[in-house]
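Visitor: Here it is, the structure, as structure tokens.
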DNA sequence: CGCGCCCGGATCACGCTGTGAATTTACCCG
DNA sequence: CGGGTAAATTCACAGCGTGATCCGGGCGCG
């Protein structure tokens, strides 16, 4: 597979650039002085690295603060407009393209509805490409000012190079995609700069990333963001980076078995977590127990369920299943934090969180459970684009903002 | 917690030493010539690094092979006696201390039985210390020729520094240990060289490591080694290193819930995997369904179960549970390989492997399942010591064989 | 038997790195 | 206007990997 790759003394500089850039990105404006201890670099190196970064336009000065009686320290920050990022959310019902500056402020956004059911991949690719062109135009950003594009898709993304096609391949049963070489198709249109970093990952994972960077997961080094919507998924963060597994399809928590031989799940197996706590399955169970609703969308229906005093038992049972599922995560991953997200998760949260915590405590081992907190997500489902944009951003920071041209094929899931 | 640490140009050399050392360790004798492409180092660097390592006594020449018409290449290999490793297995019924050379050949071994039930930690520590002294004496190895000691314990090892005590703290319900600061106790005896690297980890995990290094897991970068004995555990390897979680207690697969509200498990929860496929639980279930045995030990009893033609249904059910449990691992971790080990796993393997594969295929998602192979372990339960010795060895290789003196507190779980 | 060839390995000049002390710069205060 | 102070830069130094060059051992050809 991948040959061993470690190189020269130049990489030191790249790493130090990355360290400085990251520190400055996350921990606000800092002076060169403070940067030293924080990055374990000597004052000399800080000076060199910073002036290089300033020359490259990645850093800018941001005022200064007095230092009693001496030269004031000048603060540094990442220049928000030194590059732009795009996030794409390919959902089951719409495509959403959003343009951000480096600090992930929204600059422009377009939404394109998608007809129900199967989506011809070619069509979707066209929509994405024109959406990108549109947001760039709206915000008056040149295409080569794009640092990278992240795309969240509904389905499993295979980052392994199997199949011959270069780049990410998407298997999305929900929208009828089977081994769609999304990255190659997008590139082949020739509208994007040929070397533009392109990242494709599961939409649930990108949502999880957003939650980790800017939501309830902030600060945790190892965490699991659970996403409960119509179906159920999860995004596992180990040591600050998404855990990918051998082919990028790790974290399929929804199809974890909670009852051997139990309810039939839409994946074909029996007793999956999703078959009990996914919104679709939950409503189905409500109907079976005599519930009914008038809303035409799942979201409204679920709200009606929550308002029904007769659904208490159903909800308690759901909490037990969800708690047991979370306990599995606690036992297997031993995270510091578990975030319950997804539109259904956020809707159910206020009602279920406490019973879920109790169930998780009962089902999990004491020791790892004591290390974990279970919290509600803080970001809505629209954060998929933000999370997707996070992918090229992470790469950008990790490279120290270097011109990304060389070697290493750019593939989804690259950390 | 841990401040950011990255340093100087000297680390480059350390890394390259490590790369060369590792390559040579795993892929047998190689010439300097071959080493170049394999480590992505220039011939000059290879020359420098190798001569340094030879001067340090870590490498030695191992014959030469003709190169048609030119100067023959001299082969290099790691010097097996340039250092020694000790592995300790603290089991529920005995302590086992084994001494290895660098290639993990056994040099000496002592076994000390432990009385049943609770074990006073102080006693165990004494036994370990004297065991170490004994194997060193038997093999005529000086204590400072020890590269490090690895210890496998039955219980959860907390590597986080909570509690004030420096070093690994062990929570072992099975032997009545609660927050035993094993590392500190061992060091406080003062018999070991004060800077000797000491690693403590769960015995199941060290067994898993052994399987990864020398058994059925060889070559896989991400894998899960499942360990079925009286109880059930697992060792998760992500990208070649053990996945630890936030406090080192990840991989508690045995207490994953397979049936919400199901059988009571000895951990207190209901429906754990262990409550169905652990040997203890399996025998219990056999008894409930009318089985009986004459052996006094679980191993013999399990053999009798396997020989009983009337137990077919029970075994099929067990296979379904085990398959579902493995499917959970496949869905969550997306490994390239799953190894079924542990004494009970190995005993049940020939009978159960096929039905387990079928069940796993049914319960897991198609895509990740297609990426995985499910295999039997190849190492017996005695490999705990080998796996434990693997811990300091990994550190030794990662440090490029550098004198391990400085900085970084030496703690279990350090990768 | 001797010569030339060929290839593995060592050497060396070069450009690059981070370090840390000395130096310069910028601002406040009296 | 000059002294004091602390931030930021500069600079000599040691160390690294690179890759061209050099050395030397053994084979095959004449």
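The values are calculated or read from the model by the stated rules, or taken from the named source; none is laboratory data. A quick note: this is a predicted structure, and the numbers were derived from the prediction, not measured. Using ideal geometry, Cβ is built from the backbone for each residue, glycine included, and neighbour counts are taken over all protein chains shown.
Visitor: Checking residue A:29 against (1) farther than 27 Å from residue A:390 by Cβ; (2) in contact (Cβ under 8 Å) with a residue 24 or more places away in the chain; (3) more than 7 Å from DNA strand C (Cβ to nearest atom): exactly one of these is not met. Which one?
Guide: (1)
Visitor: Which of the residues that make up the stretch A:83-96 are assigned to a strand (DSSP E or B) and buried (at least 16 other Cβ atoms within 10 Å of the Cβ)?
Guide: A:84, A:85, A:86, A:87, A:88, A:89, A:90, A:95, A:96 - these are the residues of the stretch A:83-96 that are assigned to a strand (DSSP E or B) and buried (at least 16 other Cβ atoms within 10 Å of the Cβ).
Visitor: On the basis of being at pLDDT 90 or above and within 27 Å of residue B:389 (Cα to Cα), does residue B:209 make the cut?
Guide: Yes; evaluated as a whole, the condition is true for this residue.
Visitor: Among the numbered criteria (1) buried (at least 24 other Cβ atoms within 10 Å of the Cβ); (2) at pLDDT below 95, which single criterion is violated by residue B:395?
Guide: Of (1) buried (at least 24 other Cβ atoms within 10 Å of the Cβ); (2) at pLDDT below 95, only one is false for residue B:395: (1).
Visitor: Can you spot a residue in the stretch A:404-411 that is modelled with pLDDT under 90, in contact with a strand residue (DSSP E or B) (Cβ under 7 Å, 6 or more places away or on another chain) and surrounded by 18 or more Cβ atoms within 10 Å (Cβ to Cβ)?
Guide: Taking every residue of the stretch A:404-411 in turn, at least one turns out to be modelled with pLDDT under 90, in contact with a strand residue (DSSP E or B) (Cβ under 7 Å, 6 or more places away or on another chain) and surrounded by 18 or more Cβ atoms within 10 Å (Cβ to Cβ).
Here's the yes/no breakdown for (1) at pLDDT below 90; (2) within 11 Å of DNA strand D (Cβ to nearest atom); (3) surrounded by fewer than 17 Cβ atoms within 10 Å (Cβ to Cβ); (4) within 14 Å of chain A (Cβ to nearest Cβ):
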position: B:19; (1), (2), (3), (4): no, yes, no, yes
position: B:63; (1), (2), (3), (4): yes, no, yes, no
position: B:71; (1), (2), (3), (4): yes, yes, yes, no
position: B:81; (1), (2), (3), (4): yes, no, yes, no
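Visitor: May I pose another question? Restricting to the stretch A:3-53, what's the tally of residues that are out of contact with any strand residue (DSSP E or B) (no Cβ under 6 Å at 6 or more places or on another chain) and part of a helix (DSSP H, G or I)?
Guide: So the answer is 32.
Visitor: Considering (1) modelled with pLDDT under 90; (2) within 30 Å of residue A:307 (Cα to Cα), say which one residue A:276 fails and leave the rest.
Guide: (1)
Visitor: For the subset of the stretch A:2-17 comprising residues that are more than 8 Å from every other protein chain (Cβ to nearest Cβ) and under 27 Å from the mean Cα position of the chain (by Cα), which member is modelled with the lowest pLDDT?
Guide: Across the stretch A:2-17, the extreme among qualifying residues is A:2.
Visitor: Quick one: which of B:195, B:183 is more than 12 Å from every other protein chain (Cβ to nearest Cβ), on the phi < 0 side of the Ramachandran plot and assigned to a loop (DSSP other than H, G, I, E, B)?
Guide: Sole residue among the options that is more than 12 Å from every other protein chain (Cβ to nearest Cβ), on the phi < 0 side of the Ramachandran plot and assigned to a loop (DSSP other than H, G, I, E, B): B:195.
Visitor: If you scan the stretch A:54-82, which residues turn out to be outside any strand (DSSP E or B) and away from DNA strand C (no atom under 12 Å from the Cβ)?
Guide: Across the stretch A:54-82, the qualifying residues are A:54, A:55, A:56, A:57, A:58, A:79, A:80, A:81, A:82.
Visitor: Hey, could you check the stretch A:23-53 for residues that are away from chain B (no Cβ under 14 Å) and more than 8 Å from DNA strand D (Cβ to nearest atom) and say which is surrounded by the fewest Cβ atoms within 10 Å (Cβ to Cβ)?
Guide: Only one residue fits best here, namely A:28.
Visitor: Residues that are under 27 Å from the mean Cα position of the chain (by Cα) and within 11 Å of another protein chain (Cβ to nearest Cβ): list the helices (runs of 4 or more DSSP H) wholly contained in the stretch B:240-353 that include at least 1 such residues.
Guide: It comes to B:274-277, B:312-333.
Visitor: I've got another one for you. Applying the selection to the stretch B:200-230, what residues are part of a loop (DSSP other than H, G, I, E, B), touching a helix residue (DSSP H, G or I) at 6+ places or on another chain (Cβ under 9 Å) and more than 12 Å from chain A (Cβ to nearest Cβ)?
Guide: Those that are part of a loop (DSSP other than H, G, I, E, B), touching a helix residue (DSSP H, G or I) at 6+ places or on another chain (Cβ under 9 Å) and more than 12 Å from chain A (Cβ to nearest Cβ): B:215, B:217, B:218, B:229, B:230.
Visitor: Continuing with the same structure: Regarding the stretch B:369-387, can at least one residue be identified that is more than 21 Å from the chain's Cα centre (by Cα) and not in a loop (DSSP other than H, G, I, E, B)?
Guide: Yes, the stretch B:369-387 contains at least one residue that is more than 21 Å from the chain's Cα centre (by Cα) and not in a loop (DSSP other than H, G, I, E, B).
Visitor: Give the residue, chosen from B:114, B:99, that is at pLDDT 90 or above, buried (at least 16 other Cβ atoms within 10 Å of the Cβ), more than 15 Å from DNA strand D (Cβ to nearest atom) and within 30 Å of residue B:204 (Cβ to Cβ).
Guide: Just one listed residue meets the conditions, B:99.
Visitor: Does residue B:120 satisfy being crowded, with 17+ Cβ neighbours inside 10 Å and out of contact with any helix residue (DSSP H, G or I) (no Cβ under 7 Å at 6 or more places or on another chain)?
Guide: When the stated conditions are applied, residue B:120 does not pass them.
Visitor: Looking only at the stretch A:192-201, count every residue that is within 16 Å of residue A:88 (Cα to Cα) and surrounded by fewer than 24 Cβ atoms within 10 Å (Cβ to Cβ) and tell me the total.
Guide: Number of matching residues: 3.
Visitor: Follow-up question, since we're still on this one. Taking the stated definitions as given, is residue A:86 within 11 Å of chain B (Cβ to nearest Cβ), under 23 Å from the mean Cα position of the chain (by Cα) and away from DNA strand D (no atom under 14 Å from the Cβ)?
Guide: Spelling it out, it is not the case that residue A:86 is within 11 Å of chain B (Cβ to nearest Cβ), under 23 Å from the mean Cα position of the chain (by Cα) and away from DNA strand D (no atom under 14 Å from the Cβ).
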